Each structure stands twice: as structure tokens, then as C-alpha cells.
């Protein structure tokens, strides 16, 4: 394998062209071809994900940030969101897209299966902190719980046959077990339905129970 440096190669090319100027057009064609190959190589090497992120940021900058300078100047100093939103982490149900929230309008809490744990200082502090801050510091006006159909987290919860059985995952299964009371109720009242129908009922019941839990947590902070 050649160890010739980039600088050495350019120097040799310069010497060749100075001695044989008639090769100029051929060299130009070769360089053009080389540029094309290098660009293709660089394109393949660059991650499509990185390109998408860059493109997304540029779109945000051009169509949001630069068109609303006063808004973002104000947001740089403070936030005053109207909504506290609880939603699932599922990539298909982004609250900002579904409800067309603009920057600064919603404080959003997202997790697997859209769980709202009961008040407990010894665990689930991440969700608790994400509730406490907008309620006690930002004084949000409206709390919104967004559920969705075909939730993978709810499906995982409903798939757990025995709560005492060894966990099949490091974190997810223990997390969705927060919804065990809802699962048990569905199994008891709708055990004759298909698994998919049970999941649908559980999604609806979980949303109702979350609202009650939020009210209980709200009282705990005051």
C-alpha cells in the first residue's frame, strides 16, 4: 500500500502538468471523476440519521426560529406553558405534532405506556419531578392526558401472566406493572374477550385512572 501523502501527490501532479501541459484536459476530467467518487463515498459514509437531524434543524431554524424572533427572545428568558401533557413515548403519537403545540406552549411528560405512578418519594422520582415542577413553579392552567390505541406498553402489561414471574426485561416490565390494577380489572371483567380487545379496554381504563392519580398527586404537592 502506498504511503504517499496528499501533499506529495499534489506535488507530483503539478510537476507532471508543468512538463506535459497537453494533459491538462485529461487531468481535469480525471479530477472531476474523482470528485464524484469522493462525494459519493462521503455521502454513503455519512449517516442518513445525521442528515435527517441536520435537515430538521435547518427547517426549524428557517421556518420557526427566524420567523418568530420575538417569541424565541421571550422564551430565552422564561417559559409560561399553558398545558402539562402526559403522553406515551411511542414515536407515532408526538403531542407537539398531533395538537400543533408551538414552542413554549406545553410542558410534556412522556414515558412507556403513558404511566402516572402513585405518589412515592422512594421511587419513580423522574415522573414525580416532571409533574411537580410545572405545577408548583410554572403554574400550568390545564393538565391533559393523551392516550392512544395499539400501545406496545399496554400490550406488554396485558401479556404478563403472573406478576411474581421473573421479569423478561431490565426496566420495561417493572415499569408497566404500575398499571397492574387496571390489567387485573380488565382480566376479571372482560376475560372472555380477545387479547386485542382486552388491550383496547385497558388503554381506556388506564387513562381514567391516570386522571384520578394526577388529582391525588396534585393534592400531595400543596
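Taken together, the values in this text are just the output of simple stated rules run on the coordinates, not laboratory data. Source: prediction; values computed, not measured. Virtual Cβ from ideal backbone geometry, glycine too; neighbours counted across all protein chains shown.
Starting from the Cα of residue 71, move 7 Å in the Cα-to-Cβ direction to define the label point; list residues of segment 96-110 whose amide nitrogen is under 15 Å from there.
96-107
When 71, 157 are ordered from fewest to most other Cβ atoms inside 10 Å of their Cβ, what list results? Before the final figure, lay out the partial values.
Values: 71 14, 157 27.
Ranked by crowding around the Cβ, least crowded first: 71, 157.
Could you give me the radius of gyration and the Dmax of segment 39-168, taking only the C-alpha atoms into account and expressing both in angstrom?
Computed over the Cα atoms of segment 39-168, radius of gyration and Dmax are 19.2, 57 Å.
Return the distance in nm (one decimal) between the two label points of a simple spin-label model at residue 169 and residue 37, each offset 7 Å from Cα along Cα→Cβ.
4.8 nm
Rank by packing, highest mean first: peptides 107-114, 194-201, 61-68, with packing defined as the count of other Cβ atoms within 10 Å averaged across residues.
Details: 107-114: 20.1, 194-201: 14.8, 61-68: 11.4.
The densest-packed peptide leads the list: 107-114, 194-201, 61-68.
Return a whole-number percent for the relative contact order of segment 42-121, with Cα pairs under 8 Å and 6 or more residues apart as the contact set.
Numbers: 52 pairs, mean separation 21.4, N = 80.
This gives 27 percent for segment 42-121.
Quick check: pseudo-label points 7 Å beyond the Cα along Cα→Cβ at residue 15 and residue 162, how many nm apart are they?
Each label point is offset 7 Å from its Cα along the Cβ direction, giving 8.0 nm.
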